[in-house]
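Quick notes on the structure that follows.
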Amino acid sequence: MSGGLEIRHLTKRYRGIPAVEDVSFAIAPGEILGYIGPNGAGKSTTVKMIIGLLEPSEGRILYQGRSIYDDLPAFQHRLGYVPEEPNLYPFLSGFEYLLLAGRLRGLARRVLDSKIEKFLTLFSLWDDRHAPVSSYSKGMRQKILLSAALLDNPDVLVVDEPLSGLDVNTMIAVRELLRDLATHGRSILYSSHVLDVMEKVCARVLILRKGRVAAYDTIERLCQATDQRTLEGIFASLTQDQGQRPLAGRILEAMQA
């Protein structure tokens, strides 16, 4: 695949122990790939390698057929990233944070001011634009992260729990936005624990278990292969240890002991 993002045999080891091992997938332009797994499965490590924060121990990350390391700054310029945790500079205002993010990407101040005003208005943050980020709720911080990721109109979008803390109307809007971005040719990696939303926006999913690929296919084919009706059922059937009782039952048993 030459037009989108391709991951080939990606492996990351820490002191010889693999956190991610032999992971391969591709995201074509116009596609949203769901990337899921239990806590500690290697999702965050994969994301950090894709955005250039970690170097792989083995494997390749290709964009448009070339290694991202041929020109990492150029790839990162075409990349939008929404991290799982909204760790923003608390002493900056929302406006100042977006101004910093835009200037670091090389956007002209005139263009940037107009874009920031539009994003803050659309996300109902304009009245709080000069308030410090430390005073923002989790949902407000999430809106700032989404705005920062989209400021430069990225070709590749990596989103990790993008709906965290958002109100219902904004969640619906962001879900529709992801679909629209795909329609306009973006390649999107969508990592989340909210499986019912993922089922609505992703045609294909990759399920990671203990650092390795447990499944990678369309949701429809995975339903057929696992004899499940939902993505939640697929996930449970592929990630729960065989022979172990469901977690809810074991917690109830512990409560009543």
- Where in segment 92-200 are there helices (runs of 4 or more DSSP H), lying wholly inside it, with at least 1 residues that are buried (at least 20 other Cβ atoms within 10 Å of the Cβ) and assigned by TED's automatic domain parsing to the domain that holds Val47? 168-183
- Message: Can you pull out every residue in segment 75-103 that is under 20 Å from the mean Cα position of the chain (by Cα) and of a type in the set (A, V, I, L, M)?
- Response: Leu79, Val82, Leu88, Leu98, Ala101
- When every residue in segment 201-256 that is surrounded by 11 or more Cβ atoms within 10 Å (Cβ to Cβ) and assigned to a loop (DSSP other than H, G, I, E, B) is compared, the one modelled with the lowest pLDDT is Gln240
- Considering residues of segment 17-39 that are in contact (Cβ under 8 Å) with a residue 40 or more places away in the chain and part of a loop (DSSP other than H, G, I, E, B) only, the residue surrounded by the most Cβ atoms within 10 Å (Cβ to Cβ): Gly37
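The values are calculated or read from the model by the stated rules, or taken from the named source; none is laboratory data. Note that the coordinates shown come from a computational prediction; the quantities given were computed from them, not determined experimentally. No Cβ is skipped: glycine too gets one built from the backbone with ideal geometry, and neighbour counts run over all protein chains shown.
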